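Participant: Got a structure here, written out as structure tokens. Questions coming.
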Amino acid sequence: MAHAPTSHRRGGGAHASHRSDPSDGPIQTTTWLGLTFALGLGLLLSSRAHVGVHAAGITLLVMLIPLTVAVFGTGVRRGIGSGRAAIATGVALTFVILKFVL
């Protein structure tokens, strides 16, 4: 009798998805630093006078705000990782939000 395909077997094999697995560990420092760099770049681009460059900076910032908030939410659940890198990202996010509010 033939066995079922391996992807359908239950047991000790690898899981197909690890997206919500809490054992993945805390947020990596490179994630925080990448977000901080991208937020800084967006602030720099949005301060330029050229219309296209300014629009690119605003677009980048608008896309990064929900992503950064989601990473902070995941960090609360799984662990922040590097506290200093998370604070730097929080400061950059604060500057971005202040730019849009003021």
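The values are calculated or read from the model by the stated rules, or taken from the named source; none is laboratory data. As the structure is a computational prediction, the values presented were derived from the model and not from experiment. Don't worry about glycine lacking a Cβ; one is built from the backbone with ideal geometry, like all the others, and counts go over all protein chains shown. Note: accessible area is taken over every heavy atom of the protein model, side chains too, but ligands, DNA and RNA are not part of it. Shrake-Rupley method; radii C 1.70, N 1.55, O 1.52, S 1.80 Å.
Participant: From the list Ile80, Ile97, Ile65, exactly one residue is touching a residue at least 24 places away in the same chain (Cβ under 8 Å) and touching a Pro at 6+ places or on another chain (Cβ under 8 Å). Which is it? Can you show your working first?
Facilitator: Details: Ile97 fails: touching a Pro at 6+ places or on another chain (Cβ under 8 Å); Ile65 fails: touching a Pro at 6+ places or on another chain (Cβ under 8 Å).
Answer to the check: Ile80.
Participant: When residues of region 34-54 are filtered for being open to solvent by less than 40 Å² (accessible area, probe 1.4 Å) and aromatic (Phe, Trp, Tyr), how many remain?
Facilitator: 0
Participant: Could you say which residue among Ala92, Ala49 is at pLDDT 95 or above, assigned to a loop (DSSP other than H, G, I, E, B) and not basic (Lys, Arg)?
Facilitator: Values: Ala92 fails: assigned to a loop (DSSP other than H, G, I, E, B).
Exactly one of Ala92, Ala49 is at pLDDT 95 or above, assigned to a loop (DSSP other than H, G, I, E, B) and not basic (Lys, Arg), namely Ala49.
Participant: Let me ask you something else. Of the conditions (1) over 25 Å from Pro26 (Cα atoms); (2) in a helix (DSSP H, G or I); (3) among the basic types (Lys, Arg), Arg84 clears all except one; give me its number.
Facilitator: (1)
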